[in-house]
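Okay, structure first, notes after.
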Amino acid sequence: MADTPTPKTITKTIQSPRGTHDILPEQTPAWRHVENTFREICTRYNFGEIRTPAFEATELFARTAGDSSDIVVTKQMYSFIAPDEQSYTLRPEGTAGTVRAFIQNHLNERGPVSKLFYIGPNFRYEAPQAGRYRQHHQCGVELLGPDAPESDAEVLALAFDLFRALGLEASVKLNSLGTPQSRLGYIDALRAYLEPLRDSLSEDSRKRLQINPLRVWDSKDARDQEIVAGAPRLLDYLQQNDTDSMAHFDALRGYLDDLHIPYEIDAALVRGLDYYSRTAFEFVTPNLNSSIGGGGRYNGLVEELGGPPTPAIGFGIGIERVLLALGENVPSPPPLTAFLVMLGDTARQSSPKILSLFRRVGVHCDCDFVGRSLKAQMREANRQKARFALILGDNELAENKIAVKNMESGEQELLHMDDALIKLAAINADETVARYFAGEAH
RNA sequence: GCGGGUGUAGCUCACUCGGUUAGAGCGCCUGAUUGUGGUUCAGGAGGUAGUGGGUUCGAAUCCCAUCACUCGCCCCA
């Protein structure tokens, strides 16, 4: 080392923010697989993709999340004051922005039914954990307009087509929340039951009893669960006091049976916000503790946000969680079709042109860019799992030929450039077709 | 927000009661004579032990703080 060591400035390397992750090239094929499968199925169901801003006026989420929601209560939002002195918030979920866009663009005027889907990042300031991140990605749908149970079945059928296409074993936990009016009656009944038992409840549940008694059902505390097991059930209450909601629920159950969608009724599945109505559900998979998605009917939300009264139902599915549930059962980057191996300066100088020719006919190919030896280039071809090495030296150049070596069999033939192009293009086309039928060519 | 665990080479991990130039496997680079990969063999690069402070003659090892990851609670996708 002749160089005098230049004093290194000691700088802290910058890390990605807590709870966020880089998705590297070896992982993106799995992501694209999920996203493209979702897009394709949504399209099949005649849902149109909508892309809304990553941030919205804070007020939008403050209104949609409601005062008793944990997103708001525990300050799980990334809110900031912009130079215009307005408060904005990185979207913590996908529905609010979609509904806002629905209203702002008067999508209701285009017809009685709006079918929208979205894919994108959401942001929540939470303690990161397995399957829980500060930036996570969701794909979701919103079906606005209809109130009929067939529309509930439509979005659930779509979700299960997605799970089936991905090879994901999943089922749905289902409940009905009634209407805001009937729910109030139930909450009174529930409160009447819980109030005398207040002292036996956990601290959290005592708070819930105050703010939103429905959420006591959510408690994982063993004593709470015992107490709640004896409480009046929402579905029983609806049976007697809200026959419309019950009929809706029964109809949906019938459709789920028709569609062979496995479901399980879960009385603990509750959402407290006023605009929720009737159907509430969560998608679960046996290989994951947490749910991979959830949703429900929100007949009051559009109106709440200043739009025309519009029933709606939708769901959101966490892409990270789907990938966790899929595990290794996911595509990896496609191997290279050809790797160009160059000998000598002339060959190296002609490499941009040669590569360009092969790429124009669709061949997935690459070459060395750091002046490595022939042996090292062959090693690289092998490491990239290239099906062919294209060897180009003075001998080949002189005759406008190129040596095509099959890396698996080791066989090598000297072909005219034209023939090599035709051969590789045909092979590449075969692979593309094969991947297409394997469901990976998106 | 609360509680537990972890942090040593690009990756997965060792280092016995604190004691010399911190190791291994994999990966990476080079070579094994003239233009051929995978196997084998030889050699090489790469770490101020997450970061900062403290205790000590001496710290990867003990203590504190901080950051990150991770598991659980809570909640959610």
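Computed from the coordinates by the stated procedures, all read-outs in this text should not be read as laboratory data. Every value quoted in this text rests on a predicted model; they were computed, and no experiment measured them. Virtual Cβ from ideal backbone geometry, glycine too; neighbours counted across all protein chains shown.
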Three-way shape call for segment A:20-138 based on the alpha-carbon gyration tensor, with the a/c threshold at 1.5: oblate
Among A:Asp199, A:Asp147, A:Asp244, residue whose mean-square fluctuation peaks in a GNM of chain A (springs only between Cα atoms under 10 Å): A:Asp199
Helix-derived mean residue ellipticity, 222 nm - over chain A, DSSP H n ≥ 4, -39500 (n - 2.57), to 500: -12000 deg cm²/dmol
Among A:Gly48, A:Gly178, A:Gly362, residue whose mean-square fluctuation peaks in a GNM of chain A (springs only between Cα atoms under 10 Å): A:Gly362
Computed over chain A: relative contact order in percent, which uses C-alpha pairs under 8 Å that are six or more apart: 15 percent
Global form of segment A:258-298, assessed from the alpha-carbon gyration tensor, a/c cut-off 1.5: oblate
Rounded, prolate or oblate (a/c below 1.5 giving rounded, otherwise prolate when a/b exceeds b/c) for segment A:338-437 by Cα gyration tensor: prolate
Fraction of antiparallel bridges per DSSP, segment A:338-437 only, in percent to nearest 5: 55 percent
Semi-axis lengths (Å, descending) of the ellipsoid that matches the C-alpha gyration tensor of chain A: 55, 26, 21
Charge tally in the Cβ shell below 11 Å around A:Ala338, where Lys, Arg are +1 and Asp, Glu are -1, A:Ala338 excluded: +3
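I'd like the GluC sites (Glu not before Pro) in segment A:337-402 restricted to DSSP loop residues with at most 11 other Cβ atoms within 10 Å, sorted by number. Don't skip to the answer; put the middle values down first.
Details: sites: A:Glu380, A:Glu396, A:Glu399; in loops: A:Glu399.
Taking segment A:337-402 and a limit of 11 other Cβ atoms within 10 Å, the loop GluC sites (Glu not before Pro) found are A:Glu399.
Please give me, ordered by residue number, the trypsin sites (Lys or Arg not before Pro) of segment A:147-244 that lie in loop per DSSP and have at most 13 other Cβ atoms within 10 Å.
Numbers: sites: A:Arg164, A:Lys173, A:Arg183, A:Arg191, A:Arg198, A:Arg206, A:Lys207, A:Arg208, A:Arg215, A:Lys220, A:Arg223, A:Arg233; in loops: A:Lys220, A:Arg233.
Filter output for segment A:147-244: A:Lys220.
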Choice from A:Leu357, A:Leu235, A:Leu301 with maximal GNM fluctuation in chain A (Cα, 10 Å cutoff): A:Leu357
Kyte-Doolittle mean at least 0.5 and Cα axial length at least 18 Å: DSSP H helices in chain A: A:149-166
Label point at A:Ala57 placed 7 Å out along Cα→Cβ; residues across segment A:266-309 whose backbone nitrogen lies under 11 Å: A:306
